[in-house]
Structure formats: structure tokens, C-alpha cells
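**Q** First the structure, which I've put down as C-alpha cells, then a few questions once you've had a look.
The values are calculated or read from the model by the stated rules, or taken from the named source; none is laboratory data. In this text, all values refer to a predicted model and were calculated from it rather than measured experimentally. We place every Cβ from the backbone using ideal geometry, glycine too, and count neighbours over all the protein chains shown.
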Amino acid sequence: MSMVDFNELEEKFFLTLHEPSNLLLSMPAIHLFQDEQAIRLIDMYSPLIKTSERAVAAAFFCSWYGSVCAAMQDMLFHDHGAILDVSLSNLTIQLHDNSPYSSFSFKINEVRLITVPDRDDQEAWYIRMLHSYYSNQVRPLIVALSRLTQTNVNRLWGQIVNAIYAHIDEELKEITEESCKTRLLHEFELLTHHVDAQAFGLLRNPFERKPKFIESLANPNQMVKVKTACCLAYLLDAGFGYCYTCPRLKESDRALLRAKARC
């Protein structure tokens, strides 16, 4: 059985075995199901990203937590013979100050490995594992944050979807062998098309989407994907505005941004 690459988990997915020196808050992830603790986290994070709206902080937090979901997908693809237990009960949320920005990491409380079965049963096992993970870990967290911050669940799910699609795109850029790209896309399809919508508590699987492509901001010969959901950055007090790939942005406004970027 191959060892899990903890360096990669920390660099790409903010999963760590360590505690940062610039720690602002440390909280067992399972405590997010306690209203008082969840609000404490959101209210501490909100001013750090210059917002007074809990809904914005919840969306930003979900984008960070999406990295944990992406790590799950990554571990399944790389087939180390085992995947790390990244259930909420085995994680500690760490909010730290990386001036001028704050960031999250997720400390692994205990290195617990779940053995991946032999290839004969592997695909069916992947689907069961993903169904269980999203049903028992991700969905309850999103429902709790949605209720506490009065945010639509689809908006929070959108941040998870954005994170995983971004990871898949980066992985495809790094892979050189076509056979590996084919396998990556096939295993991603297990999530997008074979995990029942019931696992997410939605009418449809949020990962099952037809990507929309637009002209790159800087390079007219490249195409980039529009995000699944708005990250709400336009609501930040800093006046950040809409991201170029935001689904809320009008095409006429994108054209203005392209013209400005290419001056």
C-alpha cells in the first residue's frame, strides 16, 4: 500500500498535520453543527474579508472547504491503495492570518486510512464512498450554514462545485499521458453522473453540469470556464466587483474587462 502524500495534501488542498504559528482560531470541524460555534467562526471571519454579511463569509468558507472535497477526488484518482479519512469528526478548522489575507487550513486529527478494494469492485466502491461522503459530511454542513446565514443551499453547493472543477482543470493541465487523462475524466464522471441527487439533498446532482466557455481575459486564443456559482466577492466592502468568470456578469461587461486588460 502506497503512502498518502501529505505534502501534496497540504500544498494543494490545505489539509495539514500541523498548526500554523499565526493561528487566529482553532475549532473541531464537528463543532460547526453547534449554532453558537458556527456563528463564532463566521463572525470572526467576516471582518477579515471585509464583509458585514454572514452569507458572504459562509460562501467564502465553503470555497475553502471545497479543497477538502477536491482532496477526496484526488485521492481516489491517484489510487494509493487507501484514502485518508477526511470526515468532519477527524478535522480541525484552522483560521490563520497570512497578512494581508486570512486563510483556512484543515488539520488532520488522526491519520486514519480507508483501504481501497481491488479493481474488480473499485468503481462501485468509489460511488458508494462518494455518496456516503457527500450525504453524511458535506450536505449536513451546507444545510447548517445555509440555515444560520440565510443563504440558499445552491449558492453554497456552487462553491464546492467551483473548487472541484478548478482542481480537475489543473490536474488535466499537469497530466501528459492521454490514458491518465481518460481515467481522470472517467472517475470524475462517477461523481457527476453516478452519485444520486439524494446524497446532496437536491433535485439534481450539482456536479452534473454542462460547462460554459468564454474567451480568456488576457488571451483571445484561449477559452476559460464560467463558474458554476457566484462567490459573492462583489459584495465585499473592498469593492472587488464581479469576477471575470462570474455567471452573474453580462457579456457586455466582460467585453469591457477584456478591452481594459489588453490595453
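**Q** (1) in contact with a Cys (Cβ under 9 Å, 6 or more places away or on another chain); (2) more than 30 Å from P140 (Cα to Cα): which one isn't true of P220, the others all being true?
**A** That leaves (1) as the condition not met.
**Q** Kindly indicate the residue of the range 50-70 that is over 8 Å from the mean Cα position of the chain (by Cα) and part of a helix (DSSP H, G or I) and also surrounded by the most Cβ atoms within 10 Å (Cβ to Cβ) among those meeting that condition.
**A** The selected residue is A58.
**Q** For the range 169-179, which positions are in a helix (DSSP H, G or I) and either surrounded by fewer than 15 Cβ atoms within 10 Å (Cβ to Cβ) or β-branched (V, I, T) (or both)?
**A** If the condition is that a residue be in a helix (DSSP H, G or I) and either surrounded by fewer than 15 Cβ atoms within 10 Å (Cβ to Cβ) or β-branched (V, I, T) (or both), then D169, E170, L172, K173, E174, E178, S179 are the ones that fit.
**Q** Restricting to the range 1-54, and then to whatever is acidic (D, E) and more than 20 Å from P140 (Cβ to Cβ), can you tell me which residue is modelled with the highest pLDDT?
**A** Once the filter is applied, the top-ranked residue is D43.
**Q** Within the range 184-219, how many residues turn out to be under 17 Å from D253 (Cβ atoms) and in a loop (DSSP other than H, G, I, E, B)?
**A** 4
**Q** Does A144 satisfy the condition of being buried (at least 21 other Cβ atoms within 10 Å of the Cβ) and farther than 27 Å from L184 by Cα?
**A** Judged against the criteria, A144 is not a match.
**Q** Could you please let me know if V116 is under 15 Å from G66 (Cα atoms) and surrounded by 13 or more Cβ atoms within 10 Å (Cβ to Cβ)?
**A** no
**Q** Which of the following residues is within 22 Å of L9 (Cα to Cα) and either surrounded by 14 or more Cβ atoms within 10 Å (Cβ to Cβ) or modelled with pLDDT of 90 or more (or both): N162, N154?
**A** N162
**Q** While we're on this one: What's the total number of residues in the range 150-196 that are under 23 Å from F61 (Cα atoms) and among the aliphatic types (A, V, I, L, M)?
**A** Going through the range 150-196 one residue at a time, the tally reaches 9.
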